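For reference, the structure discussed in these notes is given below.
The values are calculated or read from the model by the stated rules, or taken from the named source; none is laboratory data. Being a predicted model, the structure only gives us computed values, none of them experimental. For neighbour counting, all protein chains shown are included, and Cβ atoms are generated from backbone atoms with ideal geometry for every residue, glycine included. Just so you know, the surface numbers come from the protein's heavy atoms only, side chains and all, with ligands and any DNA or RNA stripped out. Shrake-Rupley method; radii C 1.70, N 1.55, O 1.52, S 1.80 Å.
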2 protein chains.
Amino acid sequence: MKKIILSVMMLAALSVSAQQRNNNVPSFADAVEDFKPNVTNQPGRQYPMVNSQGAVRVQLRAPGATSVQLDLGRRYEMTKDENGVWTGTSAPQDVGFHYYQLIVDGTAMPDPGTVSFFGAGRWGSGIEIPSDDMDFWQVKNVPQGSVEEKYYWSKATESMRHCYVYLPNEYDKNPNKKYPVLYLQHGNAENEYGWSVQGHAGQIMDNLIAQKKAVPFIIVMDYGQGQNIHLVGQYAQQQPQQGQQGQGGRGGSNDAFSVVLMTDIIPFIEKEYRVYTDAQHRAMAGLSMGGGQTRRITLANPTKFGYVGMFSGGTISPEDVNGANGFKNTAKLVFMSSGSKENPRVMEAAEALNQMGVKAVGYISEGTAHEWHTWRRSLYQFAQLIFK
Amino acid sequence: MKKIILSVMMLAALSVSAQQRNNNVPSFADAVEDFKPNVTNQPGRQYPMVNSQGAVRVQLRAPGATSVQLDLGRRYEMTKDENGVWTGTSAPQDVGFHYYQLIVDGTAMPDPGTVSFFGAGRWGSGIEIPSDDMDFWQVKNVPQGSVEEKYYWSKATESMRHCYVYLPNEYDKNPNKKYPVLYLQHGNAENEYGWSVQGHAGQIMDNLIAQKKAVPFIIVMDYGQGQNIHLVGQYAQQQPQQGQQGQGGRGGSNDAFSVVLMTDIIPFIEKEYRVYTDAQHRAMAGLSMGGGQTRRITLANPTKFGYVGMFSGGTISPEDVNGANGFKNTAKLVFMSSGSKENPRVMEAAEALNQMGVKAVGYISEGTAHEWHTWRRSLYQFAQLIFK
C-alpha cells in the first residue's frame, strides 16, 4: 500500500521541486545483462524489460525532453543517447506486479510500452517481476471459465453499477446446479478490473478447478472505493463518517461499499445467478483496503458469511469475534495472509482465533511484499479451503 | 481510418521536426464557453471537456515543459499559465468517439484525465463528442446481458486466444433455447475490446432487445489484426501475402484472421454455447478493416453466413456475388453503411445487389465520419434486420 499511496501522491503533485530532484537516484549500474521483455508489454514492444535480478529497464524516445525518470516508487534517472532515446534501469524489485510511470520534464506519463492497468487511482503502466511460482496463474489449456461484465441497478446509489463475475466452466453445463459465491474486493485506488486483470483470478480458479483442488464457485468483483460511492435517500444515512474509508482499521463498522454490497450486489447476484443463498455458501475476501472492508462487513453482518479472507488486510481478534454476535457459529474459516516483506502478524492472529474455537488459517507469502503476487497466492490458498 | 492511421504514424515518429511544428495550429479562439466534462473522464476529473460546438478543451499541469500540444489528428498549441497548467482548445470535432493524445516537449502521452482505450495501436485517451442520438447506446435499467471474456485454444496459432462474447439477458434463463451468432470485428489498430468499450455493443443490444426491436442473439468479438496473428504448421500455408491486411480491398480473399475464425473461433463458439450452427443463424460484420475482412471472408466462404455487414468497410458488387458460388442463395441480407462525411457509395452498391436479386440495405449515418458513432448506429440498424 505504501508504494501505491506514494504513487497517488506523486500523480497529484506533478511539479518537481529541487528537493524532490535531489531524491532521485541514478540508474542501477550493476544490472546483469539478461533483460527480457516484460510479460505485459503491448504487442511487439521490447521495452520495458526485466532481468533475472528483478531490475526494470525502460526506454522512451523523447528527443525534446531535458530530463526523464523511471518512477517505481523511487525515481531513477534516465540518460539520453544521440538519437534522443532515454534509457533507465531500476534497482532489483520485489517479485510480482508493480504500477509505475515515467516522468518527462517533471510530468508523469504512462510508459507507452505496456498495456494499461487501473491502479494508483489512474490507468497507467504496470510491470511483472517474474517469480518462481508464476505457473498457477497462467492461462492454460484447461476448461475455461468466463469473466463477465455485468451492469445492475443499485437502489442505494440510484444508478447502474458495474461488476465482473467469474463463472466456472461447468456453470452453463449444469443448468440445475447451484453454486457458492465469493465476493472478492480490490485494494485502495484500484477498481473492479483489478482481480481479473492484475490478479488473474479467473486463471487461478480455472487451474485449481482443473486440478480438483478447489470446488467450482462464482466470484463477484465490484468497485469498492467508498469515497466514490454516493449513497442516496435512506441509504445515505448509513454512510460512515469521512476518513474511515480505506483504513482497514477498527474505526468503522460500516462504509458506503458495505451498504451497496448488502443492499444491491448480493441480492442482484442471488437473483441473477444460480447460487446458494445461505451463509455456508457465501464468502467474502479482499486485499489491503478490501481486506479491511471484509473485516468490517463480515463482523457487522456476523451471520451472513461462512468464509472470511483478509489478504494483507489486517486481522480479526478474539475480541472482534466476541463483539459480533453469531460470527463464531457462522464463520467456518477466517483466513488472514500477508507477504513476508510486510509486517505479518497473521500466524499469531490465527492461533488466537483457533484457541477460542474459531477455525482460522494464517498464510505468509514468502519473499513477497504488499503487491499482487501476495494476493494471487492468497487467493490460490483461500480458494482451496472454502466451500468444502 | 485516415485519422487513426495518422495517429499511428505520429506515435511512431515521436520526434517533432521544424516542419511538423509549423503545421501546428493555435487553440480555437471562438469557442462557446459552455464546456462540460467529457463522459469518459476518470472519476473526479474535470478535464478534458467538450462544448456545444464539439470543441475539445484539455488541461495538463506540466510546469517543466516548454511546449505542449493537443493532438486530435491535427495538433493544437496549448498555453501555460503562471501555475504551470497548460490549456488548449481544438476546433469543433465531428460527433462521436475520437482517439487523441498530448504532446509534451515532442513526446506523445495519454491525457491523464480520461480512462484508457485501445485504439490507434496503443492504450490511450479517448473523447466523446456528444450527438443528439446518444440515447440508444446508454446503460439503461433494462434487462442486462453480459459481455464475457473467454479464452480458447487455437489450433491455427497453437496458443490460447482471447475473445469477448455478448450474451443476451435471457440466455441463462432458457437452458434449452439456441441462439444465432454475429461475429463482429473491430477496425485497424484496434482490438477485441473495441466493440464493447468504445462501441457499447452490449448496451445497444440490451436496449434493442428490451424494445423488441431485435431478436436476442449472441455477439462474438475477437482480435483480428492479421499481422499479429501468427499461424503455424499447415495453417501458415493459408496465410496471405504481406500487404493484404487491413486494406479492405479486393486483393486478398483470405487472411490470417480468416483462418483463425473458420478453424478455431466458430467451432469453439458452436461447442461452448447453445447456438444454431447453420448459415441462416450466422452473421458476420465489421467496421473499417473489419468490414473488409467481412467482405473477403463471407465471399470466400459463400455458404457459411446468412447475414453480412460492412460498416465503413467497402461494398460487395454483383461481380463479387457472381464469383462466389452459393453466396446469392445463402445471403439473406448484405448491409453496407458509411458516415455521410466519408465517401459513401453504399446506397448505389445496395441498389445494384437488389437488382440482381440479393437483398441489400445501404445506410448512411448522417453527420458522422469514419469513427465509432457511425459504427454504433450501423450496429443499431443491422441488429434490427438480422435473424428475422
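Structure data summary
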read-out	value
Selected residue (criterion: nearest to the chain's Cα centre (by Cα)) from residues of the stretch B:325-339 that are surrounded by fewer than 24 Cβ atoms within 10 Å (Cβ to Cβ) and either assigned to a loop (DSSP other than H, G, I, E, B) or aliphatic (A, V, I, L, M) (or both)	B:Leu333
Residue list for the stretch A:101-131, restricted to those being on the phi < 0 side of the Ramachandran plot, of a type in the set (Asp, Glu) and modelled with pLDDT under 95	A:Asp111
Residue, farthest from B:Ala383 (Cα to Cα), within the stretch B:145-161, restricted to residues that are at the interface with chain A (Cβ under 8 Å from one of its Cβ atoms) and within 24 Å of the chain's Cα centre (by Cα)	B:Met160
Residue list for the stretch B:267-289, filter: open to solvent by less than 10 Å² (accessible area, probe 1.4 Å), part of a helix (DSSP H, G or I) and closer than 17 Å to B:Val165 by Cα	B:Ile269
Residue in the stretch A:238-253 that is modelled with pLDDT of 85 or more, crowded, with 16+ Cβ neighbours inside 10 Å and assigned by TED's automatic domain parsing to the domain that holds A:Met310 present	no
Residue ID - nearest to A:Ala201 (Cα to Cα), chosen from residues in the stretch A:149-162 that are open to solvent by less than 10 Å² (accessible area, probe 1.4 Å) and of a type in the set (Gly, Ala, Ser)	A:Ser154
Condition met for B:Lys140 (at the interface with chain A (Cβ under 8 Å from one of its Cβ atoms) and among the basic types (Lys, Arg))	yes
Qualifying residues in the stretch B:106-117 (those that are touching a residue at least 60 places away in the same chain (Cβ under 8 Å) and open to solvent by 20 Å² or more (accessible area, probe 1.4 Å)) - the one farthest from the chain's Cα centre (by Cα)	B:Pro112
Subset of the stretch B:53-83 that is surrounded by fewer than 18 Cβ atoms within 10 Å (Cβ to Cβ) and not in a loop (DSSP other than H, G, I, E, B) - its residue that is nearest to the chain's Cα centre (by Cα)	B:Arg74
In the stretch B:120-130, the residues that are within 12 Å of chain A (Cβ to nearest Cβ) and open to solvent by less than 10 Å² (accessible area, probe 1.4 Å)	B:Ala120, B:Gly124, B:Ser125, B:Gly126
B:Asp133 vs. criteria out of contact with any strand residue (DSSP E or B) (no Cβ under 9 Å at 6 or more places or on another chain) and either polar (S, T, N, Q) or away from every other protein chain (no Cβ under 14 Å) (or both)	yes
Cross-chain or 6+ apart pairs with Cβ under 6 Å, the stretch B:37-66 first and within 13 Å of chain A (Cβ to nearest Cβ), then among the aliphatic types (A, V, I, L, M) and in a loop (DSSP other than H, G, I, E, B)	B:Thr40/B:Val115; B:Gln42/B:Val115; B:Arg61/A:Leu14
The stretch B:308-324: number of residues that are crowded, with 21+ Cβ neighbours inside 10 Å and either basic (Lys, Arg) or assigned to a loop (DSSP other than H, G, I, E, B) (or both)	5
Which numbered condition A:Ser196 misses (of (1) open to solvent by 10 Å² or more (accessible area, probe 1.4 Å); (2) part of a loop (DSSP other than H, G, I, E, B); (3) touching a strand residue (DSSP E or B) at 6+ places or on another chain (Cβ under 7 Å); (4) in contact (Cβ under 8 Å) with a residue 40 or more places away in the chain)	(2)
Hits in the stretch A:187-235 (condition: farther than 23 Å from A:Val275 by Cα, over 14 Å from the mean Cα position of the chain (by Cα) and more than 13 Å from chain B (Cβ to nearest Cβ))	A:Leu231, A:Val232, A:Gly233, A:Gln234, A:Tyr235
Sole exception among (1) at the interface with chain B (Cβ under 10 Å from one of its Cβ atoms); (2) open to solvent by 10 Å² or more (accessible area, probe 1.4 Å); (3) at pLDDT 95 or above for A:Val165, by number	(2)
The lone exception for B:Thr66 - which of (1) of a type in the set (Val, Ile, Thr); (2) in contact with a strand residue (DSSP E or B) (Cβ under 6 Å, 6 or more places away or on another chain); (3) at pLDDT below 95 it fails	(2)
Verdict on B:Val361 being of a type in the set (A, V, I, L, M), open to solvent by 20 Å² or more (accessible area, probe 1.4 Å) and touching a Phe, Trp or Tyr at 6+ places or on another chain (Cβ under 6 Å)	yes
Criterion: open to solvent by 20 Å² or more (accessible area, probe 1.4 Å) and more than 18 Å from B:Thr374 (Cβ to Cβ) - qualifying residue of B:Tyr183, B:Tyr223	B:Tyr223
Residues within the stretch A:84-104 that are in contact (Cβ under 8 Å) with a residue 24 or more places away in the chain and either within 14 Å of chain B (Cβ to nearest Cβ) or assigned to a loop (DSSP other than H, G, I, E, B) (or both), tallied	13
B:Pro175 within 9 Å of another protein chain (Cβ to nearest Cβ), in contact with a helix residue (DSSP H, G or I) (Cβ under 9 Å, 6 or more places away or on another chain) and within 30 Å of B:Ala62 (Cβ to Cβ)	no
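This table checks each residue for (1) open to solvent by 70 Å² or more (accessible area, probe 1.4 Å); (2) modelled with pLDDT under 70; (3) touching a Pro at 6+ places or on another chain (Cβ under 9 Å).
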| site | (1), (2), (3) |
| --- | --- |
| A:Met9 | yes, yes, no |
| A:Ser15 | no, yes, yes |
| A:Asn24 | no, no, no |
| A:Ser27 | no, no, no |
| A:Ala31 | no, no, yes |
